[in-house]
1. Being touching a helix residue (DSSP H, G or I) at 6+ places or on another chain (Cβ under 8 Å) and hydrophobic (A, V, I, L, M, F, W, C) is the filter; apply it to the stretch B:62-112 and report the residue that is farthest from B:Tyr47 (Cα to Cα).
2. Just give me the residues in the stretch B:28-78 being over 17 Å from A:Leu100 (Cβ atoms) and aromatic (Phe, Trp, Tyr), in sequence order.
3. Identify, please: which residue in the stretch B:86-100 is in contact (Cβ under 8 Å) with a residue 12 or more places away in the chain and in a loop (DSSP other than H, G, I, E, B) and is, among those, nearest to the other protein chains (Cβ to nearest Cβ)?
4. Scanning the stretch A:84-104 for residues that are outside any strand (DSSP E or B) and more than 8 Å from chain B (Cβ to nearest Cβ), which turns out farthest from A:Gly62 (Cα to Cα)?
5. Take the stretch B:101-110 and flag every residue that is open to solvent by less than 10 Å² (accessible area, probe 1.4 Å) and either in contact with a Pro (Cβ under 7 Å, 6 or more places away or on another chain) or assigned to a strand (DSSP E or B) (or both).
6. What is the one condition in (1) at pLDDT below 95; (2) within 29 Å of A:Tyr89 (Cβ to Cβ); (3) more than 10 Å from chain A (Cβ to nearest Cβ); (4) open to solvent by 70 Å² or more (accessible area, probe 1.4 Å) that B:Lys55 does not satisfy?
7. Residue by residue through the stretch A:22-46, note down the ones that are open to solvent by less than 40 Å² (accessible area, probe 1.4 Å), within 11 Å of another protein chain (Cβ to nearest Cβ) and not aliphatic (A, V, I, L, M).
8. Got a sec? Which of B:Arg73, B:Arg68 is within 27 Å of A:Leu46 (Cα to Cα), buried (at least 20 other Cβ atoms within 10 Å of the Cβ) and more than 10 Å from chain A (Cβ to nearest Cβ)?
Amino acid sequence: AQSVTQLGSHVSVSEGALVLLRCNYSSSVPPYLFWYVQYPNQGLQLLLKYTSAATLVKGINGFEAEFKKSETSFHLTKPSAHMSDAAEYFCAVRSNDYKLSFGAGTTVTVRA
Amino acid sequence: DVKVTQSSRYLVKRTGEKVFLECVQDMDHENMFWYRQDPGLGLRLIYFSYDVKMKEKGDIPEGYSVSREKKERFSLILESASTNQTSMYLCASSLEVRWGAYFGPGTRLTVT
C-alpha cells in the first residue's frame, strides 16, 4: 500500500532562511504526491502536486518540491521563509482511486 | 473556486449523544471524504463516498456512519458519542483523487 513518512514533526527557521520539509514515500506504482498546508484553525489547502509531468513542481506562496524516484522522496522547499509560512504541512500520496494517505505532519515555526 | 463548507466550526456534545456533522460542496464532485485529524497522527480516513448513496469504509470507521442522499452533501454521524471521538473532523471532495482533494475548514468536536 502506498504511504508517506514525514521526517521531523517540528521545524524552526529564521525569517529569510531556507525552509526544507522532508517527505519519503512508499509506492509500488508511479505515485501521485501532494503537499498541503494548514494554517491555525483552518482546513487543508493544496500547495502543490506531482502527477508525473515534471520532477520539479512549483506551488503557491513560493514553495516547490522535487520528485526523486531514486530516493523515493518528495521534499518541500522555500528559499526564504516568511512569518506567514508558520503552519502545519502535510505530505500525501494517492493510495488508490478513492484515497489519499497523509503523513503525520510537520509544524513550521518562523523566528523573527 | 471549489468551496467545501462544514456546518459547524466548533461543537461540544455529551457522551452518548447522537452527533451529525454536515458537509456541502459546490463543484459537482463525485468523491467526498470524512477525515479525522489528531496531533501526531496526521489525517485518517473514516469513510468516503464515490456516488450518491454509495459509501465505503476507510481506515477507522468504528463508531461512525455516513449518509449521502444528494451529490453535494455528505454527512458524518456519531451514533453514540464517546470521549475518544474528541477530535478535528475534516470533510473533503474531489473530482479524481489523483488531482488532489479540496478540504472544508473543519469541525472541532469536543465530547465531554
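The values are calculated or read from the model by the stated rules, or taken from the named source; none is laboratory data. This is a predicted model, so every value here is computed, not measured. Ideal geometry is used to build each Cβ from the backbone, glycine not excepted, and the neighbour counts take in all protein chains shown. Side chains are part of the model used for accessible areas, which takes the heavy atoms of the whole protein and leaves out ligands, DNA and RNA. Shrake-Rupley method; radii C 1.70, N 1.55, O 1.52, S 1.80 Å.
1. Result: B:Val111.
2. Selection gives B:Tyr64 alone.
3. Initially, the stretch B:86-100 is screened for residues in contact (Cβ under 8 Å) with a residue 12 or more places away in the chain, giving B:86-97.
From the residues that got through so far, the ones that are in a loop (DSSP other than H, G, I, E, B) too are B:86, B:95-96.
Details: B:Thr86: 16, B:Leu95: 12, B:Glu96: 8 Å.
Going through the qualifying residues, I end up with B:Glu96.
4. Applying the first criterion (outside any strand (DSSP E or B)) to the stretch A:84-104 yields A:84-86, A:97-98, A:103-104.
Those still in the list that are more than 8 Å from chain B (Cβ to nearest Cβ) too: A:84-86.
Numbers: A:Ser84: 12, A:Asp85: 10, A:Ala86: 14 Å.
For the stretch A:84-104, the residue satisfying everything is A:Ala86.
5. Let us first name the residues in the stretch B:101-110 that are open to solvent by less than 10 Å² (accessible area, probe 1.4 Å), namely B:101, B:104, B:106-107, B:109.
Residues satisfying the conditions are B:Thr107, B:Leu109.
6. It is condition (2) that B:Lys55 fails.
7. A:Pro31, A:Phe34, A:Trp35, A:Tyr36, A:Gln38, A:Gly43
8. Details: B:Arg73 fails: buried (at least 20 other Cβ atoms within 10 Å of the Cβ).
Unique residue meeting the criteria: B:Arg68.
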